[in-house]
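The values are calculated or read from the model by the stated rules, or taken from the named source; none is laboratory data. Given the structure is predicted, the values throughout are model-derived calculations rather than measurements. Backbone-built Cβ (ideal geometry, glycine too); neighbour counts: all protein chains shown.
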Amino acid sequence: MNRLTKIQVWLPYTVSILCAIMFIYAATSKLWDFQQFEVQLGQSPILTTYAEWVAWSVPVTEYILALLLLTERFRLIALYGSLGLMTMFTTYIILVLNFSDYIPCSCGGVLEDMGWTEHIMFNIFFIVLSITAILLSTSGQPHQIQVS
């Protein structure tokens, strides 16, 4: 296996593991203090009406994506899902920052302690990782990791 092929195989795999860890951590943090998460979503200027539904669907979606990211058969579609979810989270933050007087943080764990600029940069980092992994996964022929 040449160097480019190794990168095409291992980078998407590594990105998938990183994204899965991030989604598992984020979902678990939200569920750990679910009442606070739901209350903060209810205070959102955009999500108030949908707070209860969103409070359950976000962590469930994060867990499902994490599982799919760790499953080779579904990895590419999960990378697209990861890209979509992180793009939605980032768009939401930017909208709330620009069009609302009150900005609740409904993130959990360490992410809750980040400032908004750091949070956006964190999200953009994972967006770039997902795009890179998607591009590498779709260039040329499909590659599978061989475990021997």
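Below, the figures for the structure above:
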item: Candidate set from segment 77-101 (those that are within 13 Å of the chain's Cα centre (by Cα) and of a type in the set (G, A, S)); member that is farthest from P12 (Cα to Cα); result: G84
item: Pairs with Cβ under 8 Å, 6+ apart, first in segment 63-84 and among the β-branched types (V, I, T), second part of a helix (DSSP H, G or I); result: T71/A78; I77/L68
item: Every pair of residues 6+ apart whose Cβ atoms lie under 8 Å, when the first sits in segment 1-16 and is under 25 Å from G81 (Cβ atoms) and in contact (Cβ under 8 Å) with a residue 40 or more places away in the chain while the second is part of a loop (DSSP other than H, G, I, E, B) and of a type in the set (A, V, I, L, M, F, W, C); result: V9/M1; V9/I145; W10/I145; Y13/I145; S16/L70
item: Residues of segment 31-52 classified as under 28 Å from N98 (Cβ atoms), of a type outside the set (D, E, K, R), over 18 Å from the mean Cα position of the chain (by Cα) and part of a helix (DSSP H, G or I), total; result: 8
item: Some residue of segment 53-61 being within 10 Å of the chain's Cα centre (by Cα), closer than 24 Å to S139 by Cα and part of a helix (DSSP H, G or I); result: no
item: Restricting segment 1-47 to residues that are charged (D, E, K, R) and out of contact with any helix residue (DSSP H, G or I) (no Cβ under 8 Å at 6 or more places or on another chain), the residue that is modelled with the highest pLDDT; result: D33
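Matching residues to (1) at negative phi; (2) outside any helix (DSSP H, G or I); (3) at pLDDT 85 or above:
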position: L65; (1), (2), (3): yes, no, yes
position: Y80; (1), (2), (3): yes, no, yes
position: M86; (1), (2), (3): yes, no, yes
position: T91; (1), (2), (3): yes, no, yes
position: L97; (1), (2), (3): yes, no, yes
position: S106; (1), (2), (3): yes, yes, no
position: L111; (1), (2), (3): yes, no, no
position: T117; (1), (2), (3): yes, no, yes
position: V128; (1), (2), (3): yes, no, yes
